[in-house]
Amino acid sequence: MSRPAIILCTLNAKYIHASLGLRYLLANMERHGGADLRASTVLREFTIARPVQEIVDALLAELGEPVDGVPQIIGFGVYIWNVVPTTEVVRRLKAARPGLKIVLGGPEVSYEWDDQEIVRLADHLITGWGDVSFPKLCRALLHGPKPLMKVIVGEQPTLAEIDLPYAEFSADDLAHRLLYVEASRGCPFKCEFCLSSLDKTAWAFEQAPFLAALDGLYQRGARNFKFVDRTFNLKIDSSLTILQFFLDRLTPDLFLHFEVIPDHLPERLKAMIARFPPGVLQFEVGIQTFNPDVQQAISRRQDNDKTCENLAWLVNHSHAHLHTDLIFGLPGETLSSFAAGFDRLYALGPHEIQLGVLKRLRGTPIARHSAVHGMVYDAEPPYTVKQTAVVDALTMQRFTRLARYWDLLANSGRFPQTLSVLLGGPSPFAAFLAFADWLWQSTSQTSRLTPEKLVDHLFDYLTGVSGREKESIRQTLLADYRSSGARANPACLQGLLKDREKPMPRMARALAQRQDRHVSAGE
């Protein structure tokens, strides 16, 4: 292949992620830019762990030496997790090759862009949707007439005017990476911490071509689908059709991830969900807060009683893996009101509770609460809230440590029996907060805490601080450690691990790893 004229590029958080946005741009280059544009465009993904200079060198090597009068373009997808290294990549590219045209797009640069260094360095910015506007801009840069504006408001076509991107997933993508798909775009809800609150509604892709594209992926061997729809169960007829599509293609290694509205689970959808065997469905359920005053303040409509009823049904009558979300630091949310919400959710028994801290995404309406609620955010990405009028900075730091420890102990799935002992009492949140405070005081660490170290810390806390009987706690930790498949020797279990069970079968291990991958990809 000759040297490309256009490179589509982004820095993913991890290799396992594959940019859906860039594949949409690549798929639409011919339709909205011309066959010659599509033929001269390539997609190149890196990770944020890759050294910046290596990324710069790789991109310049692929473009080759510039030819006078022949423009070369790199389009970058910019997100909250990659804006810092991407800014440095752009800086070095422009220093090395000033004539190179840099085009930016993505949610991090679509709002409040006027004060961003990366925008200053770039030649053009497309805000919002880029499926049509990026190919048109590339054609203008390569063939004229020269675009007059640096900042271009992205054209939002009908979904029928957008070619689907799924053929752009390579065989390597199918074998080793998450496949992101979307049956719809947009969201009708107005939760002010979310960029989707700026959407007027949700738009659904025409179902027949979408399902045909999914079948194409399936026929090529894809078995791992992460739906990025903000409201998968908004329109039940569509949800049922998609679920039936996969029921008709059930295999032992099929895995599906959906984000669902927690208070909208009618009986016919329940009946369909109940037909799926274990290990196939994972539902991401955004609870965020159970505090009705906070919900009203941030324009979040949620029937809390119905939400709890639906979660209880999913836990007790389906095989879906439930990944639930709570956000700390919302306007007006105190530590005690958050604790009450956590305890309410924990009592329902979801498989995971993800504890997040509020981030002020650029462009979101949550900014309107800053003055009234004393919201102070970090000036650097990911713009995490540092304190509020009812949560001081030290409490926010305390919660951040708790959330990290919760991931290690609870969401890791390594300590189910020990956790039930640790969280016993009137308030599971209060019990875990006490442990988190002790662990921080004892170790001053939130990282490098191996499973073996955690076993020993749990033993010390439960026996030394909580006063539990040593042999009972030792046996509980032993059962958890054995079932986790870990192979080392915690100090408190010395002499008890000689006759170990064989590691779990490969299929079971793979299933657990798939679950873990989808949990980490929710950021």
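A short reminder: the numbers here are calculations on the coordinates, not readings from a lab. Nothing here was measured: the structure is a model prediction, and the numbers come from that model. No Cβ is skipped: glycine too gets one built from the backbone with ideal geometry, and neighbour counts run over all protein chains shown.
What the table below lists for this structure:
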| item | result |
| --- | --- |
| Of every Cα-Cα pair in region 442-481, the percent that sits beyond 15 Å | 39 percent |
| Dipole magnitude (debye, nearest 20) for the chain, charges at Cβ of Lys, Arg, Asp, Glu | 700 debye |
| Equivalent ellipsoid semi-axes - Cα gyration tensor, region 6-159, angstrom | 21, 18, 16 |
| Gained length - VAL70 relative to VAL153, 0.36 nm times residue gap less alpha-carbon distance | 27.3 nm |
| Hull-based mean projected area of region 221-262, where the convex hull spans the alpha carbons, in square nanometres | 3.1 nm² |
| Cα centroid separation - region 398-444 against region 171-240, whole Å | 34 Å |
| Proximal charge balance of LEU159 [Cβ under 12 Å; K/R count +1, D/E count -1] | -4 |
| Inter-site label distance for GLU469 and GLN417 at 7 Å from Cα along Cβ, in nm | 1.5 nm |
| Expected 222 nm ellipticity per residue - DSSP helices of 4 or more, -39500 (n - 2.57), all of the chain, to 500 | -12000 deg cm²/dmol |
| Cα-projected label distance for ASP199 with GLN53, points at 7 Å along beta-carbon direction, nm | 4.3 nm |
| Linear extension gain, ILE16 paired with SER427, 0.36 nm per residue minus alpha-carbon span | 144.2 nm |
| Two-decimal ratio, region 358-470, of alpha-carbon radius of gyration to 2.2 N^0.38 Å | 1.27 |
| Alpha-carbon Rg/Rh ratio, for region 209-282, with Rh computed the Kirkwood way | 0.93 |
| √(5λ) per eigenvalue of the Cα gyration tensor, region 169-391, largest first, Å | 33, 20, 16 |
| Computed E for SER2/GLU267 - FRET, C-beta separation, R0 51 angstrom, nearest 0.05 | 0.30 |
| D_trans [Stokes-Einstein, Kirkwood Rh over alpha-carbon pairs] for the chain, 20 °C, 1.002 mPa s, µm² s⁻¹ | 85 µm²/s |
| Region 325-383 versus region 57-101: alpha-carbon centroid distance in Å | 36 Å |
| Simple spin-label estimate for ARG448 and ALA39 in nanometres, 7 Å along Cα-Cβ | 5.6 nm |
